[in-house]
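A short worksheet on the structure shown next.
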């Protein structure tokens, strides 16, 4: 029961990033650059505090990995920065649910494409799932009265591919939380520049700043801490499948907190994207697991 509760909290935190961004950028009076910078800097501070707490708990007064031995990498930090920036700018133009769906689908498609490039050969059922998900994504963004902004859709797709790259860079990490903290810290100087640039473009409202801080401290910093704490207790399959709930949670958040409409197109696209990815994940787990052996 405790594992289920903490896993649910992590998924709520991840979905909250979409809702908070949309609240801040549509109603909070803050520039997307300033929002991005505030999220990154506050997230870095929170993650640094968590790493310090973990070091003290382990009997060491040192801040995890410091200076030259800082966790993460510059390639990971660059992918994180590109994700966070395009994510924020996109949410100026599109609603919460379409943004979350485009992000989610782009991450999954990006990781699949990379796997194929590296020599992986998905089974027919995996291809079926991806084709269904991609078709639903095309349907979501195709021209029409309720289609999301083309520019916003492209930017969110770039954010998704960037997050896929970030995930691939960190694949196999022995200390994912320390690496995440290191990547956020590497982004801090650029984050401060973004804050200053954003303030010059638009004086931020208090509401927008608060949303950005919550996104950085709670939804990002604490969210990653909770997720990486429960992840070792989840099988690979379960860890992948629980993340399917994030776009749906974000969609509900958009309806509840922003009064966004659940259109027929959005409902069909949600079912297609989540269902298609679920099918592909299930087929992939079956293909990669020895017969009779549970997936981890």
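The values are calculated or read from the model by the stated rules, or taken from the named source; none is laboratory data. Quick caveat, the model's predicted, so the values are computed rather than measured. So basically every Cβ, Gly included, is an ideal-geometry build from the backbone, and we count neighbours across all protein chains shown.
Of all the listed residues (140, 125, 145), the sole one being over 20 Å from residue 85 (Cα atoms), crowded, with 22+ Cβ neighbours inside 10 Å and modelled with pLDDT under 95 is 140. Just so you know, in the range 55-107 the residues that are at pLDDT 85 or above and more than 24 Å from the chain's Cα centre (by Cα) include one that is farthest from residue 159 (Cα to Cα), and it is 56. When residue 15 is tested against (1) modelled with pLDDT of 95 or more; (2) under 21 Å from residue 191 (Cα atoms), just one condition goes unmet, and that condition is (2). Residue 237 fulfils the conditions (1) surrounded by 22 or more Cβ atoms within 10 Å (Cβ to Cβ); (2) closer than 19 Å to residue 111 by Cβ except for a single criterion, (1). Pairing each residue of the range 226-247 that is at positive phi with any residue that is part of a helix (DSSP H, G or I) and at pLDDT below 90, provided the two are 6+ apart or on different chains, yields no C-beta distance under 8 Å. Restricting attention to the range 171-216, and to residues there that are under 25 Å from residue 51 (Cα atoms) and assigned to a loop (DSSP other than H, G, I, E, B), which single residue is nearest to the chain's Cα centre (by Cα)? Of everything passing the filter in the range 171-216, 171 is nearest to the chain's Cα centre (by Cα). Looking only at the range 227-283, residues that are in a helix (DSSP H, G or I) and within 14 Å of residue 132 (Cβ to Cβ) come to 16 in all. Given the condition in contact (Cβ under 8 Å) with a residue 24 or more places away in the chain, under 23 Å from residue 35 (Cα atoms) and assigned to a loop (DSSP other than H, G, I, E, B), answer yes or no: does some residue in the range 99-117 qualify? No, the range 99-117 contains no residue that is in contact (Cβ under 8 Å) with a residue 24 or more places away in the chain, under 23 Å from residue 35 (Cα atoms) and assigned to a loop (DSSP other than H, G, I, E, B).
Condition check ((1) buried (at least 22 other Cβ atoms within 10 Å of the Cβ); (2) at pLDDT below 90) across all residues:
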| position | (1), (2) |
| --- | --- |
| 120 | no, yes |
| 132 | no, no |
| 171 | no, yes |
| 186 | yes, no |
| 199 | no, no |
